[in-house]
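A short reminder: the numbers here are calculations on the coordinates, not readings from a lab. Given the structure is predicted, the values throughout are model-derived calculations rather than measurements. As a convention, Cβ positions derive from the backbone with ideal geometry for all residues, glycine included, and neighbour counts pool all protein chains shown.
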Amino acid sequence: MTTTLQDAPPRRLSLPVATLIGLLALAAALGVGHLVAGFVGYTASPFIAVANYVIDHSPTGIVKWAERTLGTWDKPVLKIGLAVVLVLLALLAGQLSRRTPRAGQILVFVLGAAGVAAVYARSDLGQVSLLAPVAALVAGLTVFTLLHRMALPPEEVHDRGFDRRKFLQASVGVAAGSGVAAVVGQFAGTSTNAEDSRAAVGALVPARTAPPLPADADFAKLGSPPFITPNPDFYRIDTALVVPQIRTEDWSLRVHGMVDREVSFSYADIRDRPLVERRVTLTCVSNEVGGPLISNATWLGVDLVDLLDEAGVQAGAEQMFATSVDGWTCGTPANVALDPQRGAMLAIGMNGEPLPVEHGFPARIVIPGLYGYVSATKWVESLEFTKWDARQAYWLSRGWAEQAPIKTESRIDTPSGFARVSAGKVRLAGTAWAQHTGIAKVEVRLDQGAWQPATLSAEVSKDTWRMWWIELDVPKGTHQASVRATDQDGYTQTENRADPVPDGATGWHSVTLDAS
């Protein structure tokens, strides 16, 4: 009896061995792909590239469902789901190859080709980035073929038998090597840390400060949100599976297209200009009636129109086509971006500190009064002036509207829906918004009763939300409280419910109260 167990070659792989071969081929492909991506472009890692492809090509209905149901967990859930799918396909590749490797090899090749296609489709990645998915494909196919050959030798070498010890040693080596490759790739790909660059920016001091906040800017003690949303609580909706890590010294903004002269600005160019401080409420077009995708901040930056005037935007330009460093695009009506009364900004600060990395550091666009998908490009690097029919932005090509002014809306923040309250006087509080128009009044009613005016907080700006509160007499039983707002143009928000697609939701927000 020798230490190496020699058996007659099996006619088919056992289930455990076939499973292990498929999983190790997957591990090798992902590990090697991640390693190479660490040096040619982090988002060229096949796993990340395929996940980004799923994000970019998911139907609008699925995107809406994910935002509404999962919130900020949408991307982690996508990663977990993709990992599960890949594991299942790896298992399938092994099971299909218990007698011959051909079927598994084909499936491994198809998966590798999908990674190549996903990287090729990315506009923010160069041709050299294709090395990552190609290396992943070669690694996965090689490992699958060699391990299969060790476990199930071909007929011409059947006398060598199945050396279990050598197979297990090779398997451990592949697993360890894949893990090391992934770790090295992760370290190399994330070694550029924007947080270090952000910390080096130091204090940003405005030359023009926003007016002091009045004492009654919010009714937080009565149940409304705070007037200024803390940075960690500010809503985040974007397509970036991996938050871009851009250092200030590597960033620049290019203004081009239908302009008299192309101009570029470095971070130092922007930082050295007189900075303006402005409070603006941002709203996501995907926000359902009563939804949470709205936040308010004090932004610090420069007036965008000053930068655009240096380029000399031509009269025929219809849209400002903004591009993020991750390839996301946004189309803003040119007349809005160029309107000096609008207050459009290139922002580099948020709530008294440099922009958080996840909110666009080093710089982002902030334009009051328009939904974020046409006004709030994070990590912006290019502003191209062009015609609407010449360039189609990311969400416009997916069925959303070209023009997207924010609609007059309101929300009940407290009590929450189906809350148990004591019969009698019940206090309700919430928010209302009509950015760049301003809120004139808010009314609340119980069931089908008369509308009653709520107390409004002080107006800070027409570009920010406004808080309200009211006390209602609520008798015992189950009741429904509804809210509506009227803006300063005299428009009262409609009761008619409309889906967020294509240009924002409408309808009255209502909550059910159980009084006892």
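Which number gives the lysine pairs in the chain that have C-alpha atoms under 14 Å apart and are eight or more places apart or on different chains?
Lysine pairs meeting both conditions in the chain amount to 4.
Which order, highest average first, do 53-63, 330-340 follow once you tally other Cβ atoms within 10 Å for each residue and take the mean per peptide? Present the calculation step by step, with values, prior to reporting the outcome.
Working: 53-63: 14.3, 330-340: 20.2.
Top to bottom by mean Cβ count within 10 Å: 330-340, 53-63.
Counting pairs of Cα atoms in the stretch 352-508, how many percent are more than 26 Å apart?
42
Give me the angle, in degrees from 0 to 90, between the Cα long axis of helix 102-120 and the longest principal axis of the Cα atoms of the chain, rounded to the nearest 10.
Taking Cα atoms only, the helix is inclined about 40 degrees.
If each DSSP helix of 4+ residues adds -39,500 (n - 2.57) and the sum is divided by the residues in the chain, what number results at 222 nm, nearest 500 deg cm²/dmol?
After summing the helix terms and dividing by the residues of the chain, the value is -10000 deg cm²/dmol.
If you average the sequence gap of Cα pairs under 8 Å that are 6 or more apart and divide by the length of the stretch 15-189, what percent do you get for the contact order? Let's see the in-between values first.
Values: 232 pairs, mean separation 77.2, N = 175.
So the answer I get is 44 percent.
What value does the stretch 15-189 have for Rg/Rh, both radii from Cα atoms and Rh as Kirkwood defines it?
Rounded to two decimals, Rg over Rh is 1.03.
Taking only Cα atoms, what is the 0 to 90° angle, nearest 10, from helix 60-70's long axis to the longest principal axis of the chain?
80
Could you work out how far helix 164-189 tilts from the main Cα principal axis of the chain, as a 0 to 90 degree angle to the nearest 10?
For 164-189 against the chain, the angle is about 30 degrees.
Alpha carbon centre of the stretch 295-365 versus the stretch 464-516: separation in Å?
32
Go through 114-122, 228-236 and give me the packing order, highest mean Cβ count within 10 Å leading.
My ranking of the peptides, most packed first, is 114-122, 228-236.
Restrict the search to the stretch 431-495; then list the GluC sites (Glu not before Pro) that DSSP places in a loop and that have at most 12 other Cβ atoms within 10 Å of their Cβ.
The qualifying sites are E495.
Can you tell me the length gained on complete extension of the stretch K387 to E459, counting 0.36 nm per residue apart and subtracting the Cα distance?
22.2 nm
How high is the relative contact order of the chain, given as a whole-number percent (alpha carbon pairs under 8 Å, six or more residues apart)?
It rounds to 14 percent for the chain.
Given 0.36 nm per residue, what is the gain on full extension from S58 to D309 after removing their alpha carbon distance, in nm?
86.6 nm
Going by amide H atoms built from the backbone, whose H comes under 5 Å of the H on V263, apart from near neighbours?
V255
Size of the stretch 56-150 along its principal axes in angstrom, Cα-based, largest extent first?
Largest first, the stretch 56-150 extends 49, 32, 18 Å along its Cα principal axes.
Could you give the alpha-carbon Rg of the stretch 202-263 over 2.2 N^0.38 Å, rounded to two decimals?
Compared with the compact-globule rule of thumb, the stretch 202-263 sits at 1.79.
Can you work out the FRET efficiency for the pair S14 and N193, with r the C-beta to C-beta distance and R0 = 60 Å, to the nearest 0.05?
Details: r = 46 Å, r/R0 = 0.77.
Working from the Cβ atoms, E equals 0.85.
Mind jotting down the distance between the C-alpha centroids of the stretch 209-251 and the stretch 130-156, whole Å?
Centre-to-centre (Cα) distance: 50 Å.
Eigenvalues of the Cα gyration tensor times 5, then square-rooted: what semi-axes does that give for the stretch 233-312, in whole angstrom, largest first? If you can, show how the numbers build up before the last one.
On the way: eigenvalues 159, 53, 45 Å².
For the stretch 233-312, the ellipsoid semi-axes come out as 28, 16, 15 Å.
With both bridge residues required to lie in the chain, what share of the DSSP beta bridges run antiparallel, to the nearest 5%?
Numbers: 69 of 77 bridges.
DSSP beta bridges in the chain are roughly 90 percent antiparallel.
Can you give me the convex hull volume of the Cα atoms of the chain, divided per residue and expressed in Å³?
Given the Cα convex hull of the chain, per-residue volume reads 186 Å³.
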